[in-house]
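Here the structure comes first, spelled out in structure tokens, and everything after it is commentary.
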Amino acid sequence: MIYRIFAILTVAAVIIGSLLLARQNAAPQATTVQQATPDEGYSARDAQLVQTGPTGLPLYTLNAATIRQLPNADQVQLSQVSMSFQNGGERWTATSEQGELLRGTSQIDLTGHVQVSATIPGSSAPIRIATDALSFDSRSDIVSTADPVTLTWSGQRLDALGLVADLKAHRLQLESSVHAIVTPSR
């Protein structure tokens, strides 16, 4: 009889021990929930962007040492920018220290030692424009600045406050406060 009680107690102890071990091993696992981030942004080095028109031909080509879109930002930041755009027979190139593309627009803003050069048909020398800030709208083909600007063409220099260049109309307009010394060539 003692052997029966001992056998029953041993079986009961094994069952209880098994249940306790099973409960410890079955501790709830932490569930990992990965929340979707709305916009993680992006960045690239030695990047090239090419904007094409309806015909598939490039409207402009933009090269940058770095390009960075911040999370949840409506802008793309550029550094060491070099871009070129062509309108008819005119080829325009621009360089700057920084740039910014605005999301949902066709506007590119260049800042920091902006240098623009344009080759115009029928001209023997390129037009050079120097300013601290310049905007280019690729839809309307308008290049503009409200900052001081220096325009150099065929050895002549014009200083002004503001400039608007309508590439489609082949027209460059200095806005105000123009100062120039023009020496006729012989």
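Results, tabulated for the structure shown:
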read-out: Hits in segment 66-84 (condition: touching a Ser or Thr at 6+ places or on another chain (Cβ under 6 Å) and closer than 18 Å to Val116 by Cα); value: Ser79, Val81, Ser82, Ser84
read-out: Residue satisfying all of: in segment 37-65; β-branched (Val, Ile, Thr) and modelled with pLDDT of 85 or more; nearest to Ala118 (Cα to Cα) among these; value: Thr61
read-out: Residue among Ala118, Ala160, Ala125 that alone is among the hydrophobic types (A, V, I, L, M, F, W, C), at pLDDT below 90 and surrounded by fewer than 15 Cβ atoms within 10 Å (Cβ to Cβ); value: Ala125
read-out: Qualifying residues in segment 128-148 (those that are within 18 Å of Tyr60 (Cβ to Cβ) and polar (S, T, N, Q)) - the one surrounded by the fewest Cβ atoms within 10 Å (Cβ to Cβ); value: Ser140
read-out: Verdict on Thr111 being in a strand (DSSP E or B), polar (S, T, N, Q), more than 27 Å from the chain's Cα centre (by Cα) and modelled with pLDDT of 80 or more; value: no
read-out: Answer residue from segment 86-107, given it is at pLDDT 90 or above and closer than 15 Å to Gln69 by Cβ and is surrounded by the fewest Cβ atoms within 10 Å (Cβ to Cβ) among those; value: Glu100
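The values are calculated or read from the model by the stated rules, or taken from the named source; none is laboratory data. A quick note: this is a predicted structure, and the numbers were derived from the prediction, not measured. With ideal geometry, Cβ positions are generated from the backbone for all residues, glycine too; neighbour counts draw on all protein chains shown.
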